[in-house]
1. If I fit a long axis through the Cα atoms of helix A:235-258 and take the longest principal axis of the Cα atoms of chain A, what angle between them do I get, 0 to 90°, rounded to 10?
2. Starting from the amide H of A:Thr139, placed 1.01 Å from N in the peptide plane, find each other amide H under 5 Å away whose residue is 5 or more places distant or on another chain.
3. Please express the Cα-Cα pair-distance distribution P(r) of region B:146-296 as a list of whole percents, one per 5 Å bin, running from 0 to the bin with the greatest distance.
4. Using only the Cα atoms of region B:171-218, each taken as one equal point scatterer with no solvent, compute I(q) by the Debye sum, divide by I(0), and report log10 of the ratio at q = 0.13, 0.19, 0.32 Å⁻¹.
5. Using only the Cα atoms of region A:141-271, what are the Rg and Dmax in Å?
6. Keeping all protein chains in position, work out how much accessible area B:Leu71 exposes to a 1.4 Å probe, and write it in Å² to the nearest 10.
7. So for region B:227-296, Kirkwood radius off the Cα pairs, Stokes-Einstein at 4 °C and 1.567 mPa s: how many µm² s⁻¹?
8. Calculate one ³J(HN,Hα) per residue across region B:75-88 by plugging θ = phi - 60° into the Karplus curve 6.51 cos²θ - 1.76 cosθ + 1.60, and present them in order as whole Hz with x for glycine and proline.
Amino acid sequence: MGFFTDTSICIGCKACEVACKEWNQLEGNKPELLLDSFDNTGQLDAQNWRHVEFIEQIPDNNGVVMTPTPIAGGQAWLMMSDVCKHCQNASCLEVCPTNAIVRTEFDSVLIQQDVCNGCRDCISACPYGVIGFNEKTGTAHKCTLCYDRLQNGMQPACAKACPTESIKFGYLDDLQKAADQRLTALQTAGYKKAQLYGRDATVYGGLNAFFLLMDKPEVYKLPNAQNAVLPSRNNLAGYAGGFVTAVIGLVAGVLAFRSNRMNGEKSDAAR
Amino acid sequence: MPPAEHFAAPPGWEWWILGYFFFGGLSGGSYAIGTLLRLVGTAADQRAARIAFIASFLALLPCPIFLIADLGQPLRFINMLLDASNGGLAFKPWSPMSLGSWALLGFGLFSFVSFLGAVAESGWHAADPIARILRGTVGAVWNIIGTGLGFFVSGYTGVLLAVSNQPVWSDGWPLGGVFLASSLTGAAALLLLLANSRRDIDTGTTVRLALADRNFALLEIVLIAVFVATVALAGTIGKMAGVWLLLWLVVIVGLAAPFTVSRLAAARGWAPVTAPVLGLLSVLALRALVIFSAQS
């Protein structure tokens, strides 16, 4: 099961953020004036499991649009409710040394709070900056896909609260069909930059929370397919480099400690 | 080639981790040099070998403390080794942190036993049985296995950083080799420092340690160059510039010290500890540079 977030109909109301905080009893961070559009949340972290991004693509020339174009032309105010992607090939799950991060029966990625020891390796690995460290609990936190609600037959709080149904929750097959239809409709209407992100396996084997974007993934702070890489890509090269270095280091050491041995042996004899 | 994109949040690995990387590196490097001195050195080198094994264990002592202190839930440190979900072992070979936890445990055993053997040889007779066991082939095998684990502890920290999605760290796969070479350089500097402060260390041993220090520094210089090249190719080298150039300066001065400062010190009558101290500062600065710049 998962989310399909259609950013083309997100109105930036932040009802998803509020519903998430209320259901999951997240205190939220101390309010700050970020001076970043209408965003006062900043980023996903231990207190923000949903974050509505505001991306202003408005020309600077006193608001005069020389060549008016629809949203796909790049003069727009993009909004996206960001969340954990519950990746099929999840970087956090890959590196977690304690097996605190598991895949649930709903195919979501969950941090078991009673197992996590707060090493923060998952934060280092998550390519989306989703996971945050909670100082009070001493553990890593992120969206659970409302695991407790799913267990009780309810949909996640954010999807329930979204007034425009920008956030849809359901079986992936159904969501993917709906996404394909919506993409076709948008492209037919002239929104050429509209694209699906995480719909197929090109990004982390497919995302259980995938998106319809109105611009390139990078605009929404999402790595494109070329940059969506797993931490383990450096395992083999890293260890091989270390092994070769160790061998060269040993040779360098042997050469050093076998040199001038006569001096050492003479000094032994003198003792 | 377009620059690599990174949207990962920093993990907040700071001073405890810096301390662990520094002392863990010195411990692994000292053990390796101790083994080299023991297996290919002269009889006169054996005093330095004993100092190396003792230094290795003493440097290792704060490591688990630093690691546990860095955890958000320190009492759950055991979850690194035991799976709290099913009671089995938490062993994930593809996770450097998991593998490193087991390596640290194993290396701790080898380092401790070698430490006991070294102190017995130095006159603490309560540990004589261990010293007897560690003589001959058994001792050589023990030292070789311990060196392998020591190398792992020295280098996996770099792999741990590389196996992430952080800028700089994940762009520089040679980081494991860089940290390993730097550990050898640092350990050689540490042993030179200790050798210079003791009168019972043979002059020839000190000369050979200084030569080893230069060899290791050359290896480290080459690897740092490769690391910088990989990060530059990824387009994230800017993260290591700016204020971090000060740390680069400390790294460069420390790496040059075995070639220049030691000769200057001899010519001008400076204390012989100058070059080793600069070398140790270089090891610390390199790790601080890598850890903090990527997260800034």
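The values are calculated or read from the model by the stated rules, or taken from the named source; none is laboratory data. Note that the structure is a prediction, hence the values are computed from the model and not measured. Every residue, glycine as well, gets a Cβ built from its backbone with ideal geometry; the counts of neighbours run over all protein chains shown. The protein model used for the area step is the full one, side chains on, heavy atoms only, and it has no ligands, DNA or RNA in it. Shrake-Rupley method; radii C 1.70, N 1.55, O 1.52, S 1.80 Å.
1. Roughly 20 degrees between the two axes.
2. Close amide H contacts, sequence-distant or interchain: A:Asn134.
3. For region B:146-296, the pair-distance distribution reads 2, 10, 18, 22, 18, 13, 9, 6, 3, 1, 0.
4. -0.34, -0.60, -1.11
5. Over region A:141-271's Cα set, Rg and Dmax evaluate to 28.9, 94 Å.
6. 20 Å²
7. My calculation gives 99 µm²/s for D.
8. Ordered by residue, 3J(HN,Hα) equals 5, 8, 4, 5, 5, 5, 10, 10, 7, 5, 6, 10, x, x Hz.
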